[in-house]
Structure formats: C-alpha cells, structure tokens
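**Q** This is the structure I have questions about; it appears just below.
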Amino acid sequence: MKNIRLTIDKITGNSFLVLTLLSTVTVVLIGVGLYYKSLPILQNSSLSSLLLSAEWKPFKSSFGFLAYIAGTLWVTAIAIIIALPISLLTAIYLSEYAHVKVKKVLLPPIDLLSGIPPVIYGVWGVLVIVPFVQEKLAIHFVEFSSGYSTLAGGIVLAIMIIPLIISILLEVFNTVPDGLREASLSVGATQWETIKHVVLKKSLPGILAAVVLAVSRAFGETIAVLMVCGNISEIPHSIFDPCYPLPALIANNYGEMLSVPMYESALMLAAFILFVIIFLFNTISRIILYRLEGRMN
C-alpha cells in the first residue's frame, strides 16, 4: 500500500513538472514563431531603421514602428499613473479601515468591473471619455482636440486595470500578519503610521507584482483602446494628440492588405516587438522583486 502511494505521488509530481515545462515551452514557441514570421522584413530592412523610423507607408515598403511603440508606452504610462494611486488607496481603505458590511457592498461591483468585456469599456469611452476630453479638458491646454487621444486611451485603460490591481493588493495586504499590526499599535503608533511603516513596507514586493501584472494587461489590451485613441500613425507630442498602439495596429490591419509585400511580416514583427517588450518588462520586474524580497528578509 505504501509503495502504491509513493508511486502515485511520484507520478503526480512528474505530471506537474511536465505541465510546468509545457507552459514554458509554449511561451518559447510563441516567441520563435513570431520571430520566424518576422524574418522577411528583418532581412529586407535593418532593425534600427524599423524601430527608429516613424514612417509607415506599406505601398512603398516603408515600415517604421517608432510611432506605434511610442503610442503603446504613452497609453500604458498614463493608465498606470492614473490607476495605481486610486487602486492603492482603495485597497488600503477596504483592507484596513472599511467595516465588514461596507466590504460586502463594495467588493461585488469591483469584481463585476473585471468581468465586463473590453468592447463595453470602449463604447463607454467613446460616449463619455472622448467628449469629456474634447469639451472639458483639451480646451484649456491645446487649440483643438477631437477627444480621440492618448489621454482618452489611458483613462479607459486605467478604468479597466483598476479592479485587477485592487484585487491583487487586497490579497497582498491580507498576507500581512495581524500580529505585526497589533505590535505597532501597542507601542503607540497610529493606524496610518502602522499602515505606512508596517503594512505597505511588508507588502512592497506584492505591490510591485500587482503593477507588473497590470502593465502586462495594459500592454496587450486592444479593442477598448483602439476605439478611443484616434489610430493615427504619428508620434504623440502631448496627451491630447491621437496615437496608435501596437495592439491596435495588429487588430486593425491583420487580414487586410496582406497582398502588399512584407505587410504580413511587418504585422508579425509588431507582435514580436510587443512580445519582447512585455517579456523584458516582466524579467526586469522579477529581478527587482527578488532583490526587494532579499533585503526585506
């Protein structure tokens, strides 16, 4: 009987190992597949000219990705700048201050926001955010803006990732032992001082992990952003200028004009660039996370 249990345990462990390796291999295969599909345009043009040029003229075989990369970074940065403070303060309130009855009222709507399809956010952005940017904000800073802008894309994206960040932060704050809170309060610290010096300090790696996941989600979001960002292939010089993120480029154009030489390869290169950006960002963030955990331990 003991041998049977040990055999089952070994089989289970090996099965989990296979599944883990399969997940890793899948990521590698995706990267290799995108790179292989990108080879024709990489062989036709230098990587530096593709990345540093903003000229996108497919019929002239001119494919410059700088405007799309800039649009992606602009929208993602705006979304994180808006979403992180709101999410952090909301999570602190729900975790440390809110009564149980208040949590029961507020948590279901937050969870509901996570399940709303992106296209709904896009429609809401067109009906609410775009007119708000055009009529209420842009008139104070620029001569004209259609409202379809980098800022509109960032706001819609921020609303989309706020529930994700709040959910993760609540789980992170719940892992902080109550004994640490009680010890801080017992030596005369106020509740806010306890949150600032104990809860937030202990939760720093988890907060960083939440930001990493949110940024990864923001980088890849497509439908909602392309509906409000303007989709003009130019480098945005202000948040009221339109932009054209990489995911929107792929979603809008794949399947069309593939008869144009190098066009499909260019779109696959756009997907590969997005893949590399997310991979590098997650790798760097993991390194920072491990160092923070090492210092705190």
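**Q** For a test of understanding, tell me how many lysine pairs in the chain have Cα atoms under 22 Å apart, given they are 8 or more places apart or on different chains.
**A** Close lysine pairs found across the chain: 4.
**Q** Using a Förster distance of 30 angstrom, determine the FRET efficiency expected from the C-beta separation of residue 143 and residue 57, and round it to 0.05.
**A** Working: r = 28 Å, r/R0 = 0.93.
So the FRET efficiency works out to roughly 0.60.
**Q** Please list the three semi-axes, largest first and in whole Å, of the ellipsoid equivalent to region 99-231, using sqrt of 5 times the eigenvalues of its alpha carbon gyration tensor.
**A** Each semi-axis is √(5λ); the values are 37, 17, 14 Å.
**Q** Could you state the angle between the C-alpha long axis of helix 150-174 and the longest principal axis of the C-alpha atoms of the chain, as a value from 0 to 90 degrees rounded to the nearest 10?
**A** Orientation of helix 150-174: about 20 degrees from the principal axis.
**Q** Along each of its three principal axes, how wide is the spread of alpha-carbon positions in region 14-153, in whole angstrom units, largest first?
**A** For region 14-153, the Cα extents along the three principal axes come out at 64, 62, 24 Å.
**Q** Show me 133-145, 100-112 ranked by packing, highest mean number of other Cβ atoms within 10 Å first.
**A** By packing density, highest mean first, the sequence is 133-145, 100-112.
**Q** Please list the three semi-axes, largest first and in whole Å, of the ellipsoid equivalent to region 51-296, using sqrt of 5 times the eigenvalues of its alpha carbon gyration tensor.
**A** Output for region 51-296: semi-axes of 39, 21, 15 Å.
**Q** What whole-number distance in Å separates the alpha-carbon centres of region 219-284 and region 23-66?
**A** 12
**Q** Also, I was wondering about something else. Can you tell which of 183, 270, 98 shows the greatest fluctuation in a Gaussian network model of the chain with Cα springs below 10 Å?
**A** Between 183, 270, 98, it is 183 that shows the largest mean-square fluctuation.
**Q** Now a separate question. Report the residues of region 198-239 in range of a label on residue 175: point 7 Å along Cα→C-beta, backbone N strictly under 12 Å from it.
**A** Residues passing the 12 Å test: 202-210.
**Q** Same structure again: Provide the per-residue ³J(HN,Hα) series for region 92-108, in order, calculated from phi with Karplus coefficients 6.51, -1.76, 1.60 and θ = phi - 60°, each as a whole number of Hz, with x at glycine and proline positions.
**A** For region 92-108, the Karplus curve yields 4, 4, 5, 7, 10, 10, 5, 6, 4, 5, 5, 4, 5, 7, 8, 5, x Hz.
Laboratory data are not the source of any read-out in this text; all were calculated from the coordinates shown. Bear in mind the structure is a predicted one, so any value in this text is a computation, not a measurement. Virtual Cβ from ideal backbone geometry, glycine too; neighbours counted across all protein chains shown.
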